[in-house]
Amino acid sequence: MKNRFLFMAVCVFTAVIASCKKTADIVVIVPPPTDVKTQTLSGGAGGSNAPNSVFIDMSNARQDSVPRASWDLAFYGGADFRVTLNFTSGAGVKITNKNDLMQVGAADTIGLTLSTSQLDPQPGDLAYFDDLSGDIGKTVIPAISATDAENKVIILNRGAVGGIAPRPWIKLRILRNSSGGYTLHYAGIKETTIRTVNIPKDAEYNFKFVSLNNGGSLVNVEPEKTAWDFEWTYSIYKANFGGGDVPYPFSDIVAINTLGGVQVAQVMTSTVSFADYKEANITGTSFSNNRWVIGSNWRATTGTVGVRTDRFYVLKDPTGNVYKLRFISFHASDGGVRGYPVVEYKLVKPG
């Protein structure tokens, strides 16, 4: 009887233990999912003179990092025939009244700077650069004409700002070609050997880019126009120190993909916090297609240095996706590393 009782007790105890183990296996604590993306942008070592431009595609959490000195001219892929300068190197030009490259040389550069001074920028220096708003219809190089005689020789200072070493000046001439694209003829300002590069138009891109290094070649810079939203970089932009706008080089500046259809709004946290900004807030948000709507507004480099935490940005891409974006750090003063800013963003509404 004792043995029988003992046997029954063991069975009951075993059943209870088994039951407890089964329950423990079922109860699993899973952390809540999050769709907030955090990225450290690869601007590169160099502090305020970070060597790279970084293109960010929020829909794919992707970044493309490109050396700023890797290109010289950008050839527009849209309906107009426009060529822009490298604003990240500080490139500047002068349009001559000549059609023959062989008639332009070092003597034509006497007295020219085709650049601006960070210590003493002048309003007149604006004439060397593309329209700083990014308006494709206001490039310093006139629209490339179908009439060859209207396309004059251009003198190019390739730019030497933000840690880029000075390079020899270039003389160049750009024509339309029979394939519907561009033909670039160029040489060093003192050279007599003319090089030629043909550049096709491609509607999938805002621009096709050319480097004048090593005989001239097409190079990859911007991704396809639907595959990036904003660019973090070093750039010539404008400032006003009391005497009107002057061109001025900025570190850690952000341009949006205006030509690709991106729009952005700046939102102050006094209106709504980053965490509380939801889809319902979109209708009351005023979006802008100003290329520099983010610009340098997101950070401070004097006074209390660091990311400005009193604001964030709402970005709408061409497919209708709406994201909220904020900057987390960019400087030792805010826990970051100069050249490697940290951003955070979240999809608010899918397109």
Order of 131-137, 256-262 by packing, highest average Cβ count within 10 Å first? 256-262, 131-137
Under 13 Å Cα-Cα from LYS138, which aspartates and glutamates qualify once same-chain neighbours fewer than 8 residues away are excluded? ASP80, ASP130
Computed from the coordinates I sent, volume of the Cα convex hull per residue in Å³ equals one of (i) 119; (ii) 158; (iii) 217. Tell me the label. (iii)
For the chain, longest principal axis from Cα atoms; helix 2-26 axis from its Cα atoms; angle between them, nearest 10 degrees, is 20 degrees
Hey, what do the phi angles of segment 302-315 turn into as Karplus ³J(HN,Hα) couplings, whole Hz, using 6.51/-1.76/1.60 and θ = phi - 60°, x for Gly and Pro? 10, x, 7, 6, x, 5, 7, 8, 8, 8, 8, 10, 10, 10
Which lysines, on any chain, are close to LYS324 with Cα under 25 Å apart, when same-chain ones fewer than 8 places away are left out? LYS37, LYS225, LYS278, LYS316, LYS346, LYS349
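To the nearest 0.05, how large is the calculated FRET efficiency for SER117 and ILE194 if R₀ is 30 Å and r is the Cβ-Cβ distance?
In this case the efficiency is close to 0.40.
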Stretch in the chain that is longest and holds no GluC sites (Glu not before Pro) that DSSP places in a loop and that have at most 16 other beta carbons within 10 Å: 1-190
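Given +1 on the Cβ of Lys and Arg, -1 on the Cβ of Asp and Glu, and no further charges, what dipole in debye does segment 150-308 carry about its Cα centre, rounded to the nearest 20?
On the way: 16 positive and 12 negative charges, 150 e Å.
Taking the Cα centre of segment 150-308 as origin, the dipole is about 720 debye.
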Specify which residue in the list VAL197, LEU112, GLY180 is farthest towards the positive end of the charge dipole of segment 72-219, using unit charges on the beta carbon of Lys, Arg (+1) and Asp, Glu (-1), about the Cα centre. VAL197
Lysines within cross-link reach of LYS98: Cα-Cα under 18 Å, excluding same-chain residues under 8 positions apart? LYS152, LYS171, LYS190
What is the fewest-to-most order of THR309, THR304 by other Cβ atoms lying within 10 Å of their Cβ? THR304, THR309
Going residue by residue through segment 183-199, the Karplus relation 6.51 cos²θ - 1.76 cosθ + 1.60 with θ = phi - 60° gives ³J(HN,Hα) values, rounded to whole Hz and with x marking Gly or Pro, of 10, 9, 10, 7, 7, x, 4, 9, 9, 10, 8, 8, 9, 10, 10, 9, 10
Approximate spin-label separation THR304-GLU224, in nm, with each point projected 7 Å along Cα-to-Cβ: 4.4 nm
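Return the loop-located trypsin sites (Lys or Arg not before Pro) in segment 239-302 (DSSP other than H, G, I, E, B) with at most 11 other Cβ atoms within 10 Å of their own Cβ; answer none if there are none.
Values: sites: LYS278, ARG291, ARG299; in loops: LYS278, ARG291.
Answer in residue order: LYS278.
Bear in mind these aren't lab numbers, they're just calculated from the coordinates by the rules spelled out. These numbers come from a predicted model, not from an experiment. As a convention, Cβ positions derive from the backbone with ideal geometry for all residues, glycine included, and neighbour counts pool all protein chains shown.
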